[in-house]
Structure formats: C-alpha cells, structure tokens
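Presented below is the structure to which this report refers.
The values are calculated or read from the model by the stated rules, or taken from the named source; none is laboratory data. None of the values given here were measured: they were computed from a predicted structure. Because the Cβ atoms are built from the backbone with ideal geometry, glycine has one as well, and the counts that use them run over all protein chains shown.
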Amino acid sequence: MSWRTYPIVAFDTETTGLRPFEGDRVMEFGAVVFHLDERGNEVGREEHGFLINPGIPVPKKSTEVTGITTEDVAGMPPFSARAQQIYDLLKQGIIVAHNLDFDRNFIGMELRAVGLDWPGGIAEVDTLDMSNRMFPTARSHRLSELCKRLGVNLEEAHRAVHDAAACGESFLAMARDAADDLNEMLYWAGSIGPPPADGPLRLAGGLVRFAEGPHRGQPVREHPAHLAWMIKARQKRGTSWGWRYPDSTRAWAARWLEVMASGRAQPPLKGFRAEDWGLYPCVAPNTRETS
C-alpha cells in the first residue's frame, strides 16, 4: 500500500513544563492534516488548533517560550472536552511530529486520564530522526533549522498549529523521493509500521501487544527482552528444529528493536530557552538543539 494514500497528520503541543509524568499539562494542541495525490503532491489540508485550560497556572518560563499566559487559557475548555477530537484526528492517518516522544508522552497522559488510549494511527514518523538521517553533519536539528535547510516557511515558532504545519511540510519535502510502499518509506525514515497480521503480535489500544505467552496483552515496549527472544526462538517439528515464529514477525521484531530500543528509551529534559525546546538523545552532544 502506498503511504501517499493516507492522510498525513502532523501535530504539536505546547505545555506548561517538561514533565508529563509529574504534573505538567498540555495548554495548546495543533494538528494539520495533509491530503496527497498519488505523486505525493498536496491537494488539500485541514488545520486544527486550540488552546486548552491546563487546570494549573502557566509558569513564567513557559510563557517566555510560547507567549501563552494563564489569562489566555483561563476561559478555555479543559483537555477532557477536546480528548475525543484529538483522538480521532491522530487515529486517521500517518502521525508526524518533531521529537515525537515528547508530544506523544504528553498527549498519552492526557488521554489516559479520560479513559482513552494513545490512538497509534497507521504509523508514526519523527522528523527529528529523519533530519538526523538526511543531514548527518548538520550542527542543529531544531525544527527551525530543518525548515531553513528545506526551504519551509515557519511562522510563529512555538505555537502548536504553526509548528505542526512546518513539521508536516518538512516531512513531505524529505519524503518526496522516498519509496512508494508504506513499509519501505517507514524503514527509510527510521520508523516502523504495525506488526504483520499472521504473527503473535497485535495492535490494540494504540499499542503493539503480545497476543500469547507470559506477557499476553501487555505492550511490546515493556518487554523488549522477550521480543528479542522471539527472534531466535526455535521449536521442534517432527525430527527437526525450526523457527518458532514466522519470518515476517521475526523481521518486524528486529526492526522494532533497532528503531525503538537503540539508545532512545528516555528523552532528556529540555531547557527553557526557546532554542532548547525539543532536545532528544539521538542527537550528538554538540548538536543537541532540536526544536
């Protein structure tokens, strides 16, 4: 299946701080849905952007980065009022973000608070990873610097819908000459799609989960060692030994470990300078400016 037949859903968040697991909240969400023709040319887009009342004061440092104040969000609906809309937006296509883990952690926490799972979408692509692959000698992989290299216009950086639009346009610019097949494009982009349907892994609740064995029903990301075991596991059939799992499953597991478990477990905290709003560990120490 061609990746160009799916909507490209680029999104971004602005948050009260840097710690989604310690009480910081989303205060702005932006998404731009790109529709393409068979050649990858944009034929339409939809913009969705709104402020969200985080339920806590907006710290001064966050205001310095984003321009968003406590007064700006005080009368806005809470995340719970937007949760289903955000879920439906992200579910419909290929999710794209710059430093995806950061935004996914925040949206995932907000969704879980209202009883929804991370939607997952068709696939997920991080333009930060793509930038590192396409421009390995670049000193900066901030979204603003990536846009300059690609000739993409970025207005009002650090406002969600503008960053989302620039991120989506950057993805399309980098993927213009990528293979047509969805899985081949994902491999090229340093990402990964859903597991093969004929194997023991299932996409459920927005997460890939084990469908059998000691971790049945649990997310793959919580048990990477078991996933690595699946690649080499054998069983006896008659008088000979063979692979326990299909080649397609073993190849997907190896790819998942390469993409998701190679030094990418925890993104570092971002500084409160605007140029630091988006650090990520896959960037070399002297090039850690990424958003």
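How many of the residues in region 216-234 are more than 17 Å from the chain's Cα centre (by Cα) and either surrounded by 15 or more Cβ atoms within 10 Å (Cβ to Cβ) or on the phi > 0 side of the Ramachandran plot (or both)?
Residues that pass the stated criteria total 8.
Residues in region 16-57 that are in contact with a Ser or Thr (Cβ under 7 Å, 6 or more places away or on another chain) and buried (at least 18 other Cβ atoms within 10 Å of the Cβ): how many?
9
For E155, are the conditions met, namely being under 20 Å from T66 (Cα atoms) and modelled with pLDDT under 90? Give the steps one after another, and end with the answer.
Numbers: under 20 Å from T66 (Cα atoms): yes; modelled with pLDDT under 90: yes.
The answer is yes for E155.
M174: closer than 30 Å to G44 by Cβ and either touching a residue at least 12 places away in the same chain (Cβ under 8 Å) or surrounded by fewer than 16 Cβ atoms within 10 Å (Cβ to Cβ) (or both), yes or no?
yes
Can you find, within region 242-256, the residue that is modelled with the lowest pLDDT among those that are crowded, with 17+ Cβ neighbours inside 10 Å and closer than 15 Å to A225 by Cβ?
The qualifying residue modelled with the lowest pLDDT is W256.
Against the definition (surrounded by 18 or more Cβ atoms within 10 Å (Cβ to Cβ), farther than 29 Å from A179 by Cβ and either hydrophobic (A, V, I, L, M, F, W, C) or assigned by TED's automatic domain parsing to the domain that holds V161 (or both)), how does E71 come out, yes or no?
no
Please determine, by comparing only the residues of region 79-91 that are touching a strand residue (DSSP E or B) at 6+ places or on another chain (Cβ under 8 Å) and surrounded by 16 or more Cβ atoms within 10 Å (Cβ to Cβ), which one is nearest to L182 (Cα to Cα).
Narrowing region 79-91 to residues touching a strand residue (DSSP E or B) at 6+ places or on another chain (Cβ under 8 Å): 79, 82, 85-86, 89-90.
This time we only want the ones that are surrounded by 16 or more Cβ atoms within 10 Å (Cβ to Cβ), so: 79, 82, 86, 89-90.
Values: F79: 32, R82: 30, I86: 24, L89: 20, L90: 18 Å.
Across region 79-91, the extreme among qualifying residues is L90.
Farther than 19 Å from T13 by Cα, in contact (Cβ under 8 Å) with a residue 60 or more places away in the chain and touching a Ser or Thr at 6+ places or on another chain (Cβ under 8 Å), is that true of A138?
Yes: the conditions hold for A138.
For region 76-114, give me each residue that is farther than 19 Å from W188 by Cβ, in a loop (DSSP other than H, G, I, E, B) and at pLDDT 95 or above.
Answer for region 76-114, where residues must be farther than 19 Å from W188 by Cβ, in a loop (DSSP other than H, G, I, E, B) and at pLDDT 95 or above: M76, P77, V114.
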